[in-house]
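Everything below concerns the one structure shown next.
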Amino acid sequence: LAKTTQPISMDSYEGQEVNITCSHNNIATNDYITWYQQFPSQGPRFIIQGYKTKVTNEVASLFIPADRKSSTLSLPRVSLSDTAVYYCLVGDGRNAGNMLTFGGGTRLMVKP
Amino acid sequence: EPEVTQTPSHQVTQMGQEVILRCVPISNHLYFYWYRQILGQKVEFLVSFYNNEISEKSEIFDDQFSVERPDGSNFTLKIRSTKLEDSAMYFCASSWTGEYGYTFGSGTRLTVV
């Protein structure tokens with residue numbers, strides 16, 4: 001599995017856009033990039049997944065440059081409830097049976 | 001939105017006792033998993049289950065652990081002879097074939113005393 005590197009923590013204020021970048025220099029051709037969110041004492045929650053360029057859903061956007069060696073999760077106009085740990089995962093998106101390997105994630109703190 | 005349901009939410013057990021953690025995955029999902037997270041640490045993979053058998057397991061998932069799908073809806077994790085270091089949040093997850101996004105339950109907090 002490709003190793004991922006992301007900031008340990010980030011601070012933001014309500015209403016701001018937050019961008020969390022993840023590096024994955026050894027990403028393989030078959031790999032997809034997936035982001036999860038985890039609140040304290042809860043299970044991780046799937047946010048978004050992408051392979052290349054840009055993906056957007058009702059929660060976030062995911063930007064992936066052409067070389068795919070990094071990706072950026074963008075959260076528009078964050079609120080206090082977006083305070084959580086965000087995980088970037090890279091793996092073969094075609095095989096739903098694959099285990100997920102979580103790193104340390106990015107702890108996002110949204111302040112009033 | 002469909003949910004993965006885990007029971008109990010919190011279990012306290014004495015060292016050496018057996019515990020069974022229960023999960024009801026999303027009904028049309030085919031793959032089932034157990035993960036754990038020791039307080040303050042990473043989420044760790046334990047085991048994946050497909051077509052009524054283990055498809056992959058980690059080094060953590062030794063002979064102390066077992067999984068079962070006793071009927072068409074439940075998925076259980078049994079921990080025999082619990083140890084203090086088994087204290088953690090245990091998360092069940094399920095996924096639909098071809099879809100990489102997994103749905104996790106809210107977890108069972110296991111405390112071994």
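Scanning region A:1-29 for residues that are assigned to a loop (DSSP other than H, G, I, E, B) and open to solvent by 70 Å² or more (accessible area, probe 1.4 Å) yields A:1, A:3, A:8, A:14, A:16, A:17, A:25, A:26, A:29. Of all the residues in region A:14-51, those that are at positive phi and either modelled with pLDDT under 95 or under 13 Å from the mean Cα position of the chain (by Cα) (or both) number 1.
Highlighted here are the strands (runs of 3 or more DSSP E) found entirely within region B:8-113 that include at least 3 residues which are more than 22 Å from residue A:33 (Cα to Cα): B:10-13, B:19-24, B:53-57, B:65-68, B:75-79, B:88-95, B:108-112. Give region A:60-94 a look and list any residue that's part of a loop (DSSP other than H, G, I, E, B), more than 12 Å from every other protein chain (Cβ to nearest Cβ) and not hydroxyl-bearing (Ser, Thr, Tyr), or say none. Selection gives A:60, A:65, A:66, A:67, A:68, A:69, A:76, A:77, A:78.
Checking each residue in region A:39-55 for being closer than 20 Å to residue A:3 by Cα and either hydrophobic (A, V, I, L, M, F, W, C) or open to solvent by less than 60 Å² (accessible area, probe 1.4 Å) (or both) picks out A:44, A:46, A:47, A:48, A:49, A:50.
Filtered by the rule that a residue be within 18 Å of residue B:1 (Cα to Cα) and either among the aliphatic types (A, V, I, L, M) or part of a loop (DSSP other than H, G, I, E, B) (or both), region A:40-59 gives A:42, A:43, A:44, A:47, A:48, A:57, A:58, A:59. Please verify whether region B:90-111 includes one or more residues that are over 21 Å from residue A:87 (Cα atoms), more than 7 Å from chain A (Cβ to nearest Cβ) and without any contact (Cβ under 8 Å) to a residue 60 or more places away in the chain. Within region B:90-111, none of the residues are over 21 Å from residue A:87 (Cα atoms), more than 7 Å from chain A (Cβ to nearest Cβ) and without any contact (Cβ under 8 Å) to a residue 60 or more places away in the chain.
When residue B:9 is tested against the conditions (1) open to solvent by 60 Å² or more (accessible area, probe 1.4 Å); (2) closer than 21 Å to residue A:102 by Cα; (3) small (Gly, Ala, Ser), the lone failure is (2).
For region A:56-68, does any single residue satisfy the condition of being β-branched (Val, Ile, Thr), surrounded by fewer than 17 Cβ atoms within 10 Å (Cβ to Cβ) and under 29 Å from residue B:38 (Cα atoms)? There is at least one residue in region A:56-68 that is β-branched (Val, Ile, Thr), surrounded by fewer than 17 Cβ atoms within 10 Å (Cβ to Cβ) and under 29 Å from residue B:38 (Cα atoms).
For beta carbons closer than 8 Å, sequence separation of 6+ or different chains, a first residue in region A:5-24 that is farther than 25 Å from residue A:67 by Cα and a second that is of a type in the set (Ser, Thr, Tyr) and outside any strand (DSSP E or B), the qualifying pairs are A:14/A:79; A:15/A:79.
Within region B:35-56, residues that are at the interface with another protein chain (Cβ under 8 Å from one of its Cβ atoms) sit with their Cβ atoms under 7 Å from residues that are of a type in the set (Lys, Arg) and assigned to a strand (DSSP E or B), at 6+ positions apart or across chains, in these pairs: B:44/B:36. If the condition is being modelled with pLDDT under 90 and surrounded by fewer than 20 Cβ atoms within 10 Å (Cβ to Cβ), then region B:86-113 contributes B:96, B:97, B:98, B:99, B:101.
Checked against the criteria, residue A:97 does not count as assigned to a loop (DSSP other than H, G, I, E, B) and modelled with pLDDT of 90 or more. Scanning region B:64-85 for residues that are more than 11 Å from the chain's Cα centre (by Cα), of a type in the set (D, E, K, R) and at pLDDT 95 or above yields B:80, B:83, B:85. Look at region A:60-74: where a residue is farther than 20 Å from residue A:3 by Cβ and a partner is open to solvent by 20 Å² or more (accessible area, probe 1.4 Å) and in a loop (DSSP other than H, G, I, E, B), sitting 6+ places away or on another chain with Cβ atoms under 9 Å, you get A:60/A:76; A:61/A:76; A:66/A:52; A:74/A:17.
The values are calculated or read from the model by the stated rules, or taken from the named source; none is laboratory data. Bear in mind that the values here come from a model prediction, so they are computed numbers and not experimental data. Note: ideal-geometry Cβ built from the backbone for every residue, glycine included; neighbour counts use all protein chains shown. Note: areas computed on protein heavy atoms with side chains; ligands, DNA, RNA excluded. Shrake-Rupley method; radii C 1.70, N 1.55, O 1.52, S 1.80 Å.
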